[in-house]
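Working notes, structure below.
The values are calculated or read from the model by the stated rules, or taken from the named source; none is laboratory data. As the structure is a computational prediction, the values presented were derived from the model and not from experiment. Note that we place each Cβ from the backbone using ideal geometry, even for glycine, and neighbour counts take in every protein chain shown. Note: accessible area is taken over every heavy atom of the protein model, side chains too, but ligands, DNA and RNA are not part of it. Shrake-Rupley method; radii C 1.70, N 1.55, O 1.52, S 1.80 Å.
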Amino acid sequence: MTVHLPFEAELVPATFRSRPNRFLVEVELDGRTVLAHLHDPGRLKELLTPGVDLRLKPADTGAAARKTAWTAALVRAGTEWVSIDSGLPNRFVEQCLRTGAIHEFRDYAVARREVPFGRSRFDFQLVGSGMDVLLEVKSATLVADGLALFPDA
């Protein structure tokens with residue numbers, strides 16, 4: 001089964017310049033330098049190198065308090081595009097769960113997201129097959145020799 005999770009808006013090409021802090025990137029967009037939000041606070045030093053291609057998505061128009069008009073979505077790593085939106089994996093896994101694309105969880109339904117457990121939170125609570133399951137989703141942005149590595153630092 002193939003699962004598609006389209007981006008909410010058309011992605012726009014940009015070029016990475018620098019990273020002023022964990023949540024901002026400075027990019028060249030249409031010949032001008034602009035700041036874009038970075039949803040992934042991870043190190044990303046192997047991916048975010050000056051001159052690398054990025055794809056940006058426009059900020060949600062409902063987010064009036066935003067300081068940036070763009071969010072960094074993808075970065076080119078060789079011939080591949082890598083997501084640098086740390087919210088994307090959870091949206092993708094939720095779509096997979098709801099469509100039955102993950103064989104091991106086909107008999108489960110998503111009951112809740114961001115489920116408190118002690119001092120922590122799990123991404124999903126699944127119900128079905130006679131028991132509840134707490135599921136945590138992780139993504140990997142570090143790849144070596146075609147193998148995704150986690151953690152990336």
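A few notes on this one:
- Contact order relative to length of the chain, as percent, for alpha carbon pairs under 8 angstrom and 6 or more apart: 17 percent
- Only protein atoms count toward the accessible area here, which uses a 1.4 Å probe; on the stretch 32-90, the carbon and sulfur part of that area reaches 54 percent.
- Annotation: amide H of residue 112 within the under-5 Å range of 125, sequence separation 5 or more or interchain, hydrogens built in the peptide plane.
- Spread over its residues, the convex hull of the C-alpha atoms of the stretch 1-123 is 161 Å³ per residue.
- Taking label points 7 Å from Cα along the Cα-to-Cβ direction, residue 30 and residue 9 give a separation of 1.2 nm.
- Taking the empirical scaling 2.2 N^0.38 Å for compact globular proteins as reference, the stretch 114-153 has a Cα radius of gyration ratio of 1.61.
- Under-5 Å amide H pairs with residue 86, H placed in peptide plane, nonlocal only: 39, 40
- Cα gyration tensor, the stretch 70-135 - rounded (a/c under 1.5), prolate or oblate: oblate
- The stretch 1-23 and the stretch 76-121 have their alpha-carbon centroids 17 Å apart.
- Relative to the longest principal axis of the Cα atoms of the chain, helix 88-99 runs at roughly 30 degrees.
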